[in-house]
Amino acid sequence: MSFLGYPKREQISPQFMPTILFNGIPFPDISAVIWDKDGTLADTVEYWRVVGHQRVRRLDAQIPGIGAPLQAAFGLSDGTLAPGGLLAVGSRYENEIAAAAYIAEQGWDWRSALKMAQDVFRQVEQECPQIKTIPIHLGGRKTLGQIAQAGYKQAILSADLTVNVQAFVQHNELHELLDYHTGIDTGPTKPDPEPLYKVCTALGLEPAEVVMVGDSPVDLEMARRAGCAGAIGVSWGFHPSQGLAPLADTVITDWSQIQVVS
């Protein structure tokens, strides 16, 4: 037994593994569940809204005039965070590149523009360290525990930095429930299937053996493009159900709609 009280996954024979149901839909032939972090496992909407405004404020102070277009690109308006904006769906790398592009537009050479964006992003992170102590959604730990106890592998694939994913796992003591967790620091990001392929390789599985659970269309599109067995949307994150339904096998509105049955 693990210190959390869940049986080791290798103790459960595949032929006796229960079935996972998402909103009543069974997925009997899968071996793993891959979770998004921001919006899905963690309520980070307010955090990213605050961080976005801080980034804009600092950059506009150095280069007056780029604040308004950068704010629009991030999806910040009227005190809200747009679900389709860069902060909601883009990786850290993509947000840095976007900020650098606005800086370069003002006449800065690219290397200097990118360095300024990266420096400001790091400064804001130091001012707003809460991302490392955000709790898992109420109901999330219980669900992950049930899935682990049933013998399934689990992983986190986030567009956030890997160091922040590691902090989330450590703060919420999720190590015993996960087989792998990672962020996307550079290179292809969601909805490109490459990050998901890498997670599947780490799990020793094919995409057809896993389901992806996320709160964003990019999570679901990535799952579709990778050939996953399922693309499951959750409505409590950055995106409402209607924005997820076209790409999802189903959209769940509550953790209780994820069930493990014998």
Quiz item: Somewhere in the range 160-177, is a residue of a type in the set (Ser, Thr, Tyr) and over 14 Å from the mean Cα position of the chain (by Cα)?
Solution: no
Quiz prompt | Residue, farthest from Leu41 (Cα to Cα), within the range 146-168, restricted to residues that are in contact with a helix residue (DSSP H, G or I) (Cβ under 6 Å, 6 or more places away or on another chain) and not in a strand (DSSP E or B) | solution = Gly151
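One line per residue, one yes/no per condition, for (1) under 22 Å from the mean Cα position of the chain (by Cα); (2) closer than 18 Å to Thr189 by Cβ; (3) free of Cβ contacts under 8 Å to residues at least 40 places away in the same chain:
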{"position": "Val50", "(1), (2), (3)": "yes, no, no"}
{"position": "His53", "(1), (2), (3)": "yes, no, yes"}
{"position": "Arg58", "(1), (2), (3)": "no, no, no"}
{"position": "Asp78", "(1), (2), (3)": "no, no, yes"}
{"position": "Ala88", "(1), (2), (3)": "yes, yes, no"}
{"position": "Ser91", "(1), (2), (3)": "yes, yes, no"}
{"position": "Ala100", "(1), (2), (3)": "no, yes, yes"}
{"position": "Gly107", "(1), (2), (3)": "no, no, yes"}
Practice problem: Could you grab me the full set of residues in the range 122-144 that are buried (at least 17 other Cβ atoms within 10 Å of the Cβ) and within 26 Å of Thr253 (Cα to Cα)? | Solution: Ile131, Ile134, Ile136, His137, Gly140, Arg141, Thr143, Leu144
Exercise. Go through Leu205, Leu247 for me and flag whichever is more than 22 Å from Leu87 (Cα to Cα) and in a loop (DSSP other than H, G, I, E, B).
Key: Leu205
Exercise. Confirm whether Pro191 is of a type outside the set (A, V, I, L, M, F, W, C), assigned to a loop (DSSP other than H, G, I, E, B), buried (at least 19 other Cβ atoms within 10 Å of the Cβ) and in contact with a helix residue (DSSP H, G or I) (Cβ under 9 Å, 6 or more places away or on another chain).
Key: yes
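Residue by residue, here is whether (1) at pLDDT 95 or above; (2) surrounded by fewer than 23 Cβ atoms within 10 Å (Cβ to Cβ); (3) assigned by TED's automatic domain parsing to the domain that holds Gln166 holds:
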{"position": "Pro26", "(1), (2), (3)": "yes, yes, yes"}
{"position": "Val33", "(1), (2), (3)": "yes, no, yes"}
{"position": "Arg55", "(1), (2), (3)": "yes, no, no"}
{"position": "Ala61", "(1), (2), (3)": "yes, yes, no"}
{"position": "Pro83", "(1), (2), (3)": "no, yes, no"}
{"position": "Val89", "(1), (2), (3)": "no, no, no"}
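The values are calculated or read from the model by the stated rules, or taken from the named source; none is laboratory data. Note that this is a predicted model, so its numbers are computed, not measured. Cβ: placed from backbone, ideal geometry, glycine included. Neighbour counts: every protein chain shown.
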